[in-house]
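Encoded as structure tokens, the structure appears first; notes follow it.
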Amino acid sequence: MATPMAFGQAGGGKKGGTDDAAAVTPRAEDFSAWYASVISSGDLAENSPVKGCMVIKPHGYAVWELMRDDLDASIKASGAKNAYFPLLIPQSFLSREAAHVDGFAKECAIVTHHRLRAVPGEDGAAATVEVDPDAALEEPLIIRPTSETMIWSMFSKWIQSHRDLPLAINQWANVVRWEMRTRPFLRTTEFLWQEGHTAHTTAAEARARASQMIDVYAETAERLLAIPVTVGAKSPRERFAGAEETLTIEAVMPNGWALQAGTSHYLGTAFADAFDVTYQDEAGERQPVYASSWGVSTRLMGALIMTHSDDTGLALPPAVAPVQVVVVVIATKSPEAAAVVSPFVSEVASRLRAAGVRVEVDERSHLRPGARYYEWERKGVPLRLEVGPRDAAARTVLAARRVGADRAKFGMEVGDAFEAAITAELAATQQAMLDDARARTAERIFEVDTYAEMEAALASGDPARVGLFRVAWKCDEANELAVKEACKATIRCYPRDGQEAAAGRRCFYSGEPATHIALFGRAF
């Protein structure tokens, strides 16, 4: 990617009848700049005064809310309940689980003082603010990078008997991981996410819960976001800090790079042991507690943007488009014409809203129609309806799709079947976007027999040869690191489906008997 946290820069040229100050960089020219300019021109987010952090604008946050609300319903349907835990975590908590603290130590932001003081300026200079040296905390506090330690400290109070289990808690919150190199939505110092944490009487039950939730994420990605994903397990080297097993959903972006879109972890008894969490079984004996945790974040927004957008700008599947249909009113100075157009537009909008369609009416007369068309295209609105005096008089609208092979305008009658026709159009768009994304993903997964084939493809400079490489592999951390250092490719996962194909094969790197089928690739 280009400059950290860079968003689209001003461009030249005309499109849609307007001088465009936020032109989208062609994707083939510079993928990083294209991604940033889609975010900017789509009015999703922009830089904040804090380096590495972004402001999610209303249009972008509305997309996140639609994703969040849908996933929240699925999480609750799985039996979890929402709660909230403190942003600040005692430093000593992280020290209780060695693997966990080792995994997050370099990313932690620390609060050491609880007060500032004003220092008067000299000779009329403005006052300055500095840390009050007398306000040091007895124990430094960590701004949460994740909440396992805080939640398990509470579980130690909530879990006493087998009757208290299983316990499933979910939290929607912000976290901070101090990143040196940030990318909008994909990797920022502060980001939004949900994190679920569960406690169980058996390891099998905890593992089943981790598997259940990765399936929830995969279903959400495909059904809601139209993003095809591969479900699999991380290699030991790529597991979450403190986990015994990490499951993942991996998506392939248009440039062939992989994106980890969600993870679910089996944690064993590590956190229960660290916080002395046990339960009394039916025989009165104390027993260990087994854990899972799972989460997705605003990184899904990055996956959504990259998967579907094009050189026009943002493209959104209808399921997560804050505006599914925009009605663009063609301005008229004639009072007689306006008297026909205005009530017709109101009827169209109210009927669609009653049918559950998210509608925006654009009546701005100070902008030419072409400028408004292009603005809504860049914001990813799936369907545009144009209405002028003749359309209103004939009780028709002129429709235009945001994506698809057929983007020619077409007429629609505003009759009894109007709402059904619009909802069918949106459903067809949702399915078409998923089908197209599946086809693009299939083109980016390559079967190779030798490491030399993968290395040559990644070094070729040919974008069409970059993707995920499905290979036979012997699990070996030293060799895994050697591959990463040589060609920047990592094991994205051991796919859940097709592992039986490893039997009888040789590792593509070492030549030894394979233990897994692995997907290697470069990743965001």
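Quick notes
- Both radii come from the Cα set of the stretch 53-116: Rg as radius of gyration, Rh as Kirkwood radius; their ratio Rg/Rh reads 1.09.
- Taking all protein chains into account, the per residue accessible area for the chain stands at 44 Å² (1.4 Å probe).
- Violating pairs (Cα-Cα greater than 31 angstrom) within the set Lys333/Lys379; Lys234/Lys379; Lys81/Lys379; Lys51/Lys157; Lys57/Lys333; Lys51/Lys379: Lys234/Lys379; Lys81/Lys379; Lys51/Lys157; Lys57/Lys333
- Within the accessible area of the stretch 100-202 (1.4 Å probe), percent carbon and sulfur: 53
- Ligands, DNA and RNA left out, the accessible area of the stretch 379-442 computed with a 1.4 Å probe is 55% carbon and sulfur.
- Quarter of Cα convex hull surface for the stretch 23-64, i.e. mean projection, nm²: 3.3
- Dipole axis of the chain (+1 Lys, Arg; -1 Asp, Glu on Cβ), positive-most option in Pro26, Ala338, Gly256: Ala338
- Quotient of C-alpha Rg and 2.2 N^0.38 Å, computed over the stretch 230-295: 1.50
- Principal-axis analysis of the Cα atoms of the chain puts helix 148-158 at an angle of about 70° to the longest axis.
- Rounded tilt (10° steps) of 31-41 against the dominant C-alpha axis of the chain: 60
- Debye log10 I(q)/I(0) for the chain, one point scatterer per Cα, at q = 0.07, 0.11 Å⁻¹: -0.49, -1.06
- Rounded Å value of the spacing that divides the Cα centres of the stretch 308-358 and the stretch 443-497: 46
- For the stretch 248-334, the C-alpha radius of gyration sits at 2.00 times the compact-globule guess of 2.2 N^0.38 Å, with N the residue count.
- Note on Asp416 and Ala109: with the Förster distance fixed at 51 Å, the Cβ-Cβ geometry gives a FRET efficiency of about 0.30.
- Its alpha carbons give the stretch 75-193 an Rg and a Dmax of 19.1, 70 Å.
- Using alpha-carbon coordinates, inclination of helix 477-487 to the longest axis of the chain, degrees: 40
- Each 10 Å bin from 0 upward holds the following percent of the Cα-Cα pairs of the stretch 166-322: 10, 34, 33, 15, 6, 1, 0.
- Rounded D (µm²/s) - the stretch 108-167, Kirkwood Rh over Cα pairs, Stokes-Einstein at 37 °C, 0.692 mPa s: 213
- What you get for the stretch 282-414, charging only the Cβ of Lys and Arg (+1) and of Asp and Glu (-1), is a dipole of about 300 debye around the Cα centre.
- Kirkwood-Stokes translational diffusion coefficient of the stretch 428-524, alpha-carbon pairs, 25 °C, 0.890 mPa s, µm²/s: 173
- For the chain, the 222 nm mean residue ellipticity estimated from helices alone, with every DSSP H stretch of n ≥ 4 adding -39500 (n - 2.57) and the total spread over all residues, rounds to -10000 deg cm²/dmol.
The values are calculated or read from the model by the stated rules, or taken from the named source; none is laboratory data. Here the structure is a predicted model, which is why all the values come from computation and not from measurement. Cβ coordinates were reconstructed from backbone atoms using ideal geometry, including for glycine residues, and neighbour counts include every protein chain displayed. Heavy atoms of the whole protein, side chains included, go into the accessibility calculation; ligands, DNA and RNA do not. Shrake-Rupley method; radii C 1.70, N 1.55, O 1.52, S 1.80 Å.
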